[in-house]
Structures are given as C-alpha cells and as structure tokens.
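Undergrad: The structure that follows is given in the form of structure tokens.
What follows draws every value from the coordinates through simple rules; no lab data is involved. These numbers were taken from a predicted model, which means no experiment stands behind them. Quick reminder, even Gly has a Cβ in these numbers, built from the backbone with ideal geometry, and neighbours come from all protein chains shown.
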Amino acid sequence: MRTCWRDERRIVMEKTVGLEMNDTFNEKDIPKYIASYMFIKGYATGKKLNQTLLALSLARRLHENQYRKGEKLPYIVHPIKVCTTLISYGIEEDIILAAALLHDVLEDCKDFFPLGGKELVDYYGFDEEVLVIVKLLTKESGLNQHELNVYFKAIEENPKAALIKLSDRLHNSATLYTFTYEKMKKYIRETEDFLIPMASYCKKYYVQYNNAFTILKTNISALNMSAKNMMEKHEVSE
Ligand SMILES: [Mn+2]
C-alpha cells in the first residue's frame, strides 16, 4: 500500500525530535484554542495548503505546555491568532500561513532544534522559504538599538515576513495589559519607532499585499495610540 504524504511526515517526525503523533494534549487547554485550530484546519484542507496543515499540528506539539506570559492561555493561541488574522485580511498563501504558525518556534522551542531550524526543511519537509521567514522573525534577546534596527530592516525587505511580524504585533498590542508598566512603555515606543514605519513602507512598496498592510497599519496604530494615551494619563495622575 502506498503511504500518503502525511504518513511519511509522521514517521519522520517520530524518529527525529521525539514527538509522538499519538501524544496526548493537555485536556484543560484544548477548549481554549480548538475552535480556531479547527477553522485553520478546515480552511487549509479546503484550499490544499499542505505546509499550513503540517505547521498547524507541529506548532501545537512544539508549544504544548507553554503559556502566554501573564495570560493563562496556552501559547498556541498566539500563532493561531497571527495566522487567522492574516487569513481574515485576505492572505491565502501556504508559505505565509505556515510560517505564521511557526513564527515563534525557533525562539521558544530551542530544545527541538539543535541544528538551529534546518530541521524544519530536512526533517519536516517544509519549503526552504518557510525557514527563511521564520529565521528572519527570530529575535535574539537583549539587542541594542542598532541591532534592533538591523532586525526590523531585514524583515521589512521580505513582505511575507513583514506581514507576519505586523500580525504578531497586532495581537501583542491587543494583549498589552499583561505586560509590566516598564515593558508596556518600551513596547509602545518600539511599535512607534519600527512597526508603524514598517507598515507604511510595506503598504507603499508591496502592492500585492496593499490591502493587508493597510488594515494592519490602521489597527496597530489605533491600539498603540490608545495604549499611549492611557499611559500618559497614568503618568499625569502620579
Ligand atoms: Mn509571536
């Protein structure tokens, strides 16, 4: 009998990083993400987005038992949100949606990637471009201003990475209340200095994604503005 594409991947996956396809998932977490998980699964199945389907199940396994800081939500809600936001803004490219689902795995699941991410291509069969995008999005901690600038500029030169970065920022900006005061302030500043200019640049130069960049820019700007106003009020009343 012919083994199908997904069975082959499954065998490869079990052999390499010790992830078992029949692993059980934390029962209490499942209701918190399953609806949007199934939405992506249905959407990707209907459109035959194989990289996205593979990314969806891999991201779920890799982020299992990780939680969003300050929120009691399983971490996978975040990459899922970043992906569904892009779908709702009209993005339907397999590579982009797959990379959106995997955008935090090299940063947050290092133990599974002793080769630094090559595993995504060599073992899991992702397109080289998915790896390129995920690597662009992976940020070392403790970067200085110059390094940050280099990091954001490199993303800006790749419209697919930029779409994911901005969708990521939109979700994080919407959940800023989980941050400490200092971190919130830094984040708002960073959004102003790097992300909003990035959105303006991309909107102008990547016409094929103009619609998505326009909505991202509008929404991020609005959230950032209201967070900033709130913080200023707080400072005045101190
Ligand atoms: Mn993220």
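Undergrad: When each pair of different Cα atoms in region 103-238 is counted once in the 1/r mean, what is the Kirkwood radius in angstroms, to one decimal?
TA: 16.2
Undergrad: Could you give me D for region 105-168, from Stokes-Einstein at 37 °C and 0.692 mPa s, where the hydrodynamic radius is the Kirkwood radius over C-alpha pairs? Units µm² s⁻¹, please.
TA: 262
Undergrad: Provide the net charge surrounding ILE220, with neighbours chosen by a C-beta distance below 15 Å and charges set as Lys +1, Arg +1, Asp -1, Glu -1.
TA: +2
Undergrad: Taking springs between alpha-carbon atoms closer than 10 angstrom, which of SER226, SER200, SER167 fluctuates most in the Gaussian network model of the chain?
TA: Evaluated over the chain, the most mobile residue of the options is SER226.
Undergrad: What percent do you get for the relative contact order of the chain when only Cα pairs under 8 Å and 6+ apart count?
TA: Relative contact order for the chain comes out at 16 percent.
Undergrad: List the residues, sorted by chain then number, that are 5 or more residues from GLN66 or on another chain and whose placed amide H is less than 5 Å from its amide H.
TA: Distant-sequence amide H within range of GLN66: TYR75.
Undergrad: Go ahead and set up a Gaussian network model of the chain, Cα springs under 10 Å, then flag whichever of GLU27, GLU64, GLU190 fluctuates most.
TA: Highest fluctuation of the listed residues: GLU27.
Undergrad: Here are some pairs, LYS41/LYS153; LYS165/LYS186; LYS48/LYS204; LYS165/LYS204; LYS32/LYS69; LYS118/LYS160; which of them have Cα atoms lying more than 24 Å apart in this structure?
TA: From the list (LYS41/LYS153; LYS165/LYS186; LYS48/LYS204; LYS165/LYS204; LYS32/LYS69; LYS118/LYS160), the Cα-Cα distance tops 24 Å for LYS41/LYS153; LYS48/LYS204.
Undergrad: Which of ILE188, ILE34, ILE96 ends up with the largest GNM mean-square fluctuation for the chain, with Cα atoms connected below 10 Å?
TA: ILE34
Undergrad: What share of Cα pairs, in percent, lie more than 22 angstrom apart in the chain?
TA: Distances greater than 22 Å cover 55 percent of the Cα pairs.
Undergrad: Further, regarding this structure: Explain nothing, just the number: dipole magnitude of the chain about its Cα centre with +1 on each Lys and Arg Cβ and -1 on each Asp and Glu Cβ, in debye rounded to the nearest 20.
TA: The calculation lands at about 540 debye.
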